[in-house]
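Asks: Would you mind keeping the following structure in view while I ask a few things?
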Amino acid sequence: MNSKSIIRELLILTIATVIIGAAVFFFLMPSHASVSSISGFAIVLTNFMPFSVSTITMVLNVVLLIIGFITIGTEFGYKTVYTSILLPVTIGVFEKLFPNYTSLTGDAALDVVCYIFLVSIGSAILFNRNASSGGLDIVAKILNKYLRLDLGKAMSVAGMCIALSSALAYDSKTVILSVLGTYLNGMVLDHFIFDQKLKRRVCIVSPFETQIRDFILNELHSGASIYKVIGAYRMEEHDEIITIVDKNEYQKLMAFIDKVDPQAFITVYKVSDMQYQSKALPERQFKEC
């Protein structure tokens, strides 16, 4: 990656992190809700420690980064390290610029809704750049590795624990708002972020098997497996093509099948994770299903 690409990448990460930082300062902090984030937990801890939200967030993020590198390895990369440090710095800048800030909307519930909207935009940008804002995302990846929880579910579990922590410092209304906000935030993340990362396992039975297989291999540059199946009604043997594709490849594949064989028998399954070792072929990198 050349210097221009690195600068452009850092600029995008910075914009996304500033959006998340603004969401925390302008909407989450005034609501006092602990909505599925380390910053939310920091808001609770400010009631027991003489430190600002930005300072506590910085300490927690650094600790979680260290734990992440020990338990998971270096897969986080410089992007997550950069955003994990930049986020509390951004919140700290806002704290200095607006020392007496209270609330833009004057309503805690509306503040939480605005927070979820803004933080989803920032998080989506980061996830699309294979980065995250650190904190709770690191916890989710640890749960994903050791407990085999889907990232979305891991985020929900960790987020709900943080939401319930608001009971240590606030009234029942704030606790309920934290829990509902965490649930809504999880739904938004699942739909706009994690669902985009899901792959699809497509099983196809069609007499046009050769054309479909050729399209998968040479147009989508993906892999496929072929199984012999026997229909229970006529006891006839057919070839079933099975391939795993992402969202864009799935749309192209379905459009092609609709053109060559609208009556093809197709079943589709969502794949949240897969592990494979690619095999080098002369014309492409080929993965077996």
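The values are calculated or read from the model by the stated rules, or taken from the named source; none is laboratory data. All values reported here derive from a predicted model rather than from experimental measurement. Because the Cβ atoms are built from the backbone with ideal geometry, glycine has one as well, and the counts that use them run over all protein chains shown. Protein only, heavy atoms only, side chains kept; ligands, DNA and RNA dropped before computing areas. Shrake-Rupley method; radii C 1.70, N 1.55, O 1.52, S 1.80 Å.
Asks: Restricting attention to region 217-238, which residues are open to solvent by less than 80 Å² (accessible area, probe 1.4 Å), farther than 16 Å from Thr267 by Cα and out of contact with any helix residue (DSSP H, G or I) (no Cβ under 7 Å at 6 or more places or on another chain)?
Replies: Across region 217-238, the qualifying residues are Leu217, Asn218, Gly223.
Asks: Can you tell me which residue in region 239-262 is nearest to the chain's Cα centre (by Cα), limited to those that are open to solvent by 70 Å² or more (accessible area, probe 1.4 Å) and either free of Cβ contacts under 8 Å to residues at least 40 places away in the same chain or on the phi > 0 side of the Ramachandran plot (or both)?
Replies: Within region 239-262, the match that is nearest to the chain's Cα centre (by Cα) is Asn248.
Asks: Just to be sure, is Ser178 touching a Gly at 6+ places or on another chain (Cβ under 6 Å) and more than 22 Å from Val18 (Cβ to Cβ)?
Replies: no
Asks: Does at least one position in region 4-17 carry a residue that is among the small types (Gly, Ala, Ser) and open to solvent by 10 Å² or more (accessible area, probe 1.4 Å)?
Replies: Yes, region 4-17 has at least one match.
Asks: If you check Thr71 against the conditions, is it at negative phi, out of contact with any strand residue (DSSP E or B) (no Cβ under 7 Å at 6 or more places or on another chain) and surrounded by 14 or more Cβ atoms within 10 Å (Cβ to Cβ)?
Replies: Here the answer is no, as Thr71 does not meet what is asked.
Asks: Do we find that Phe127 is over 22 Å from Thr174 (Cα atoms), open to solvent by 20 Å² or more (accessible area, probe 1.4 Å) and either at pLDDT below 95 or touching a strand residue (DSSP E or B) at 6+ places or on another chain (Cβ under 8 Å) (or both) in this structure?
Replies: It is true that Phe127 is over 22 Å from Thr174 (Cα atoms), open to solvent by 20 Å² or more (accessible area, probe 1.4 Å) and either at pLDDT below 95 or touching a strand residue (DSSP E or B) at 6+ places or on another chain (Cβ under 8 Å) (or both).
Asks: Run down Val53, Val24, Val35, Val44 and say which single residue is farther than 27 Å from Ile6 by Cβ, open to solvent by less than 20 Å² (accessible area, probe 1.4 Å), under 19 Å from the mean Cα position of the chain (by Cα) and touching a residue at least 24 places away in the same chain (Cβ under 8 Å).
Replies: Result of the check over Val53, Val24, Val35, Val44: Val35.
Asks: Conditions first: (1) among the hydroxyl-bearing types (Ser, Thr, Tyr); (2) open to solvent by 60 Å² or more (accessible area, probe 1.4 Å); (3) modelled with pLDDT under 85; (4) in contact with a helix residue (DSSP H, G or I) (Cβ under 8 Å, 6 or more places away or on another chain). Thr80 passes all but one, so which condition is the exception?
Replies: (2)
Asks: Moving on to the next point. Report, ordered by the first and then the second residue, all pairs with beta carbons closer than 9 Å, sequence separation of six or more or different chains, a first member in region 165-182 that is under 9 Å from Ser34 (Cβ atoms), and a second member that is open to solvent by 90 Å² or more (accessible area, probe 1.4 Å) and of a type in the set (Gly, Ala, Ser).
Replies: That search, which allows pairs on different chains as well, returns nothing.
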